[in-house]
Amino acid sequence: MAEPQYRLVWPKELFVWEAKRVRLLPEDILFQAIARLLSEAFDDHAVVTTFSAEFGTRNVFEPDVHIPSMRGWLLDLTKDDSRLMPYVAPRYYAERGGHTSAPGNPYDALGVQYAELLLDLQDRGYFPVALPRWCSDAPVDFDEVGERVRRAIHMPFGWDGTQTMGGDWDEPVLYSIMEYFHDQAQRPRTILYHHEYGDCGPHYDSHSAESGGAVYRWRVNDLLRRHRVELVLGRAGEERGRLIHRFGNPIDDSADARAAEGWGNPEDEVAHAIRDFRERGASSTQKRQALALLAGALELRRGRAKVVLGKDEDDLFKIANNFGIRHRNDRQRTAYGEEFLDYLFGTFLSSVTLLEALERRDASQPPSGVPLS
């Protein structure tokens, strides 16, 4: 047997996250669920073969005998950095030499490659309702698929199931169906049976919407990144599965965490401001209103800001009060572009995050003179 190469095709964080969830599945589907996860997450099928050789020959009269060992095997794998190798796509001669496809090639279009991605996930069983896997006994009716999409996005939509037709989807349609299919994605964790007739292949089972959404977001966001589109599918709260602007720096992680923390709380102005500012298509007016909410949140914490920033605290509020954010008068300095608003968003959100962290730290500390234990 060839030695397996544990080279991931999934991001390591995604694999570890899903492996943790798979380990908790019922005993009767655990073996198959682990094998399927390994087949998706690694590019070397020998990983699955190695796992199957160790655990695939169970005594049917003692079905649980390998369960703890299987769970332990998967846990050990997730913790073994020496084995888990991140996947790096090979760059061959043409790409290394800068010989890219000619401009205008339809297969370079975002819509075409997104259609290709949809068809790949369809074949993997990720859309059991919205875009079922092709079966020789039940061919996919793309007119019916298109009708479901049209009703959902309230826009004309047509698809014949080919990659090339993706090049006909304009931006509103393309981005709408990216969000629509996120809501439909469900990762199958087991195979129900293999359909031999007409080379149909596997029929899947044990679908998970949470796992399907996670894989789908990674696939689509990677596609958007490669096309230099400054949008991503959000991953938490009201932004989950919706295209939002990303800034390409650590402030994104802070914004994700803070928006998720305030999800479902209509009184959380900070989370509300983050969602408004990052919303796809947000206008300058909408962004300034979001910044005004963040400035208000800073105002509530001004006392702590003075302690942390000293006299520099006043400069932070000069920006909020004199650059057309909180006030509208002839003394405001408004001759700045969208980039300045993005800068202010990062500055204000970082400041709020810092002050909230300090508040939590102070609240967790015992009063002076009180022992810690």
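The values are calculated or read from the model by the stated rules, or taken from the named source; none is laboratory data. Nothing here was measured: the structure is a model prediction, and the numbers come from that model. For neighbour counting, all protein chains shown are included, and Cβ atoms are generated from backbone atoms with ideal geometry for every residue, glycine included.
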### Task
Report, by residue number, each residue of region 231-249 that is surrounded by 19 or more Cβ atoms within 10 Å (Cβ to Cβ) and assigned to a helix (DSSP H, G or I).
237, 239
#### Entry: Complete set of residues in region 39-61 that are assigned to a helix (DSSP H, G or I), without any contact (Cβ under 8 Å) to a residue 40 or more places away in the chain and over 18 Å from residue 213 (Cα atoms)
39, 48, 51, 52, 54, 55
### Task
Restricting attention to region 183-207, report how many residues are of a type in the set (A, V, I, L, M) and in a strand (DSSP E or B).
2
### Task
Give the residues of region 164-178 that are in contact (Cβ under 8 Å) with a residue 12 or more places away in the chain and not aromatic (Phe, Trp, Tyr), sorted by residue number.
164, 165, 166, 167, 168, 172, 173, 174, 176, 177, 178
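Take region 162-197 and flag every residue that is among the acidic types (Asp, Glu) and either at pLDDT below 90 or more than 19 Å from residue 236 (Cα to Cα) (or both). Don't jump to the end; show me each part of the working.
Just the residues of region 162-197 that are among the acidic types (Asp, Glu), to begin with: 168, 170-171, 179, 183, 196.
Residues satisfying the conditions are 168, 170, 171, 196.
Scan region 219-230 and tell me whether some residue there is buried (at least 17 other Cβ atoms within 10 Å of the Cβ), outside any helix (DSSP H, G or I) and not polar (S, T, N, Q).
No, every residue in region 219-230 fails to be buried (at least 17 other Cβ atoms within 10 Å of the Cβ), outside any helix (DSSP H, G or I) and not polar (S, T, N, Q).
Here are 109, 41: which of them is touching a Phe, Trp or Tyr at 6+ places or on another chain (Cβ under 8 Å), modelled with pLDDT of 85 or more and crowded, with 18+ Cβ neighbours inside 10 Å?
Values: 109 fails: touching a Phe, Trp or Tyr at 6+ places or on another chain (Cβ under 8 Å).
Criteria check complete, one pass: 41.
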### Query
Between residues in region 21-35 that are assigned by TED's automatic domain parsing to the domain that holds residue 68 and residues that are surrounded by fewer than 20 Cβ atoms within 10 Å (Cβ to Cβ) and basic (Lys, Arg), which pairs lie under 6 Å by C-beta distance while being six or more apart or on different chains?
23/71
### Query
Could you say whether any residue in region 180-192 is surrounded by 18 or more Cβ atoms within 10 Å (Cβ to Cβ), charged (D, E, K, R) and farther than 14 Å from residue 114 by Cβ?
yes
### Query
Out of region 120-142, which residues are more than 23 Å from residue 220 (Cβ to Cβ) and either at pLDDT 95 or above or part of a loop (DSSP other than H, G, I, E, B) (or both)?
136, 137, 139, 141
### Task
Could you check, for region 159-177, whether at least one of its residues is within 18 Å of the chain's Cα centre (by Cα), of a type in the set (A, V, I, L, M, F, W, C) and either outside any helix (DSSP H, G or I) or over 16 Å from residue 220 (Cβ atoms) (or both)?
no
### Message
Considering only region 335-342, I want to know if a residue exists there that is more than 26 Å from the chain's Cα centre (by Cα), of a type outside the set (A, V, I, L, M) and at pLDDT below 70.
### Response
yes
### Query
Inside region 143-158, can you point out the residues that are assigned to a loop (DSSP other than H, G, I, E, B) and farther than 25 Å from residue 240 by Cβ?
156, 158
